[in-house]
Structures are given as C-alpha cells and as structure tokens.
1. What's the number of the condition Glu118 fails, among (1) buried (at least 16 other Cβ atoms within 10 Å of the Cβ); (2) in contact with a Lys or Arg (Cβ under 9 Å, 6 or more places away or on another chain); (3) of a type in the set (D, E, K, R); (4) modelled with pLDDT under 95?
2. What pairs come out if I take residues in region 44-64 that are over 14 Å from Thr103 (Cβ atoms) and assigned to a strand (DSSP E or B) and pair them with residues that are at pLDDT below 95 and open to solvent by 10 Å² or more (accessible area, probe 1.4 Å) whose C-beta lies under 6 Å away, six or more apart or interchain?
3. Taking Ser76 and the conditions (1) in a strand (DSSP E or B); (2) open to solvent by less than 20 Å² (accessible area, probe 1.4 Å); (3) of a type in the set (S, T, N, Q); (4) within 21 Å of Gln5 (Cα to Cα), which numbered condition does it fall short on, given that it satisfies the others?
4. How many residues, within region 67-93, are among the aliphatic types (A, V, I, L, M) and touching a residue at least 40 places away in the same chain (Cβ under 8 Å)?
5. So Arg113 fits all but one of (1) in contact with a His (Cβ under 9 Å, 6 or more places away or on another chain); (2) surrounded by fewer than 12 Cβ atoms within 10 Å (Cβ to Cβ); what number is the exception?
6. Of all residues in region 22-35, count the ones that are more than 14 Å from the chain's Cα centre (by Cα) and either of a type in the set (D, E, K, R) or crowded, with 16+ Cβ neighbours inside 10 Å (or both).
7. If we scan region 54-65, do we find a residue that is surrounded by fewer than 15 Cβ atoms within 10 Å (Cβ to Cβ) and of a type in the set (A, V, I, L, M)?
8. Just checking, does region 60-77 include any residue being in contact with a helix residue (DSSP H, G or I) (Cβ under 7 Å, 6 or more places away or on another chain), among the hydrophobic types (A, V, I, L, M, F, W, C) and at negative phi?
Amino acid sequence: MQQLQFEASWDKALSAQDRQNIERIFSETKYLNSADILCYPIREAINHQEDLLVSVLVHNFTDHPLIFNKARLVYSIQGDVIADKAFTLPALVISSQVSMPWTFIFPKDSYTRQISFENGRLEIL
C-alpha cells in the first residue's frame, strides 16, 4: 500500500497549510495504481535567481527504490517541452510504494521562459 513520506528537511520546514495540501493531493492520487513512477504537480515558481522550481509529489508505485543518478526530467506544458535536465541527487531515494514531495530546480539557462508555468507535467525519462 502506498505511503506518504517527507524528507527530513521538508518535514521540519513545511507549513501546516502546505502539509495539508500535500496530504490532500496524496489522498486523491495514491490509488491511481500505476505500475510506474508518477509526478503529480504541487506548484511551480521562479525564484530570485530566475530558476524554475517545480514541486511535485513523486509516487513510486514500483517494487524498487527510485534513485536519481543522472535521471532525465522533462517539464512540459500542453505537450511543449519547457525544461529538460539530468538530475543527480544522492540524498533523494524514494522507496518502493512510497510517495514523497520534492522540488526540482531548473537553472535559468535550462528552461524556456513562459508567461505561466502552471498546468505542466514533469516526467522522469
């Protein structure tokens, strides 16, 4: 059965409102029962360094841990690729049958500027 977990720094820093939002998203999406990995959007933002921040709830529905070692992530809006980057995140391991929120940061040179970044889709290729 799918479980929601928070990485330690998220667990400490998350506001009550953000935690409730993530728990709601988890409740609504944990039964999608995909046999794969699903990234469900939480929010998108541009930070002060003009990096694109894409926060998602990563559902690992597989039977093996999800490790980010040169993992290619693509963010698209209505089928148009907006950002494409390989991520190596040694500290991020999502166990089998676990869902965990995470923010992926695309540096300002790695994405195409848009009026809005909402309603996008993040995929792990």
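1. Condition (1) is where Glu118 drops out.
2. His59/Leu38; Asn60/Ile37
3. Just one mismatch for Ser76, condition (4).
4. Within region 67-93, residues that are among the aliphatic types (A, V, I, L, M) and touching a residue at least 40 places away in the same chain (Cβ under 8 Å) number 6.
5. Condition (1) is where Arg113 drops out.
6. Adding up the residues that qualify gives 4.
7. Taking every residue of region 54-65 in turn, none turns out to be surrounded by fewer than 15 Cβ atoms within 10 Å (Cβ to Cβ) and of a type in the set (A, V, I, L, M).
8. There is no residue in region 60-77 that is in contact with a helix residue (DSSP H, G or I) (Cβ under 7 Å, 6 or more places away or on another chain), among the hydrophobic types (A, V, I, L, M, F, W, C) and at negative phi.
The values are calculated or read from the model by the stated rules, or taken from the named source; none is laboratory data. In this text, all values refer to a predicted model and were calculated from it rather than measured experimentally. Here Cβ is always computed from backbone atoms with ideal geometry, including for glycine, and neighbour counts include all displayed protein chains. Calculation scope for accessible area: heavy atoms of the full protein, side chains included, ligands and nucleic acids excluded. Shrake-Rupley method; radii C 1.70, N 1.55, O 1.52, S 1.80 Å.
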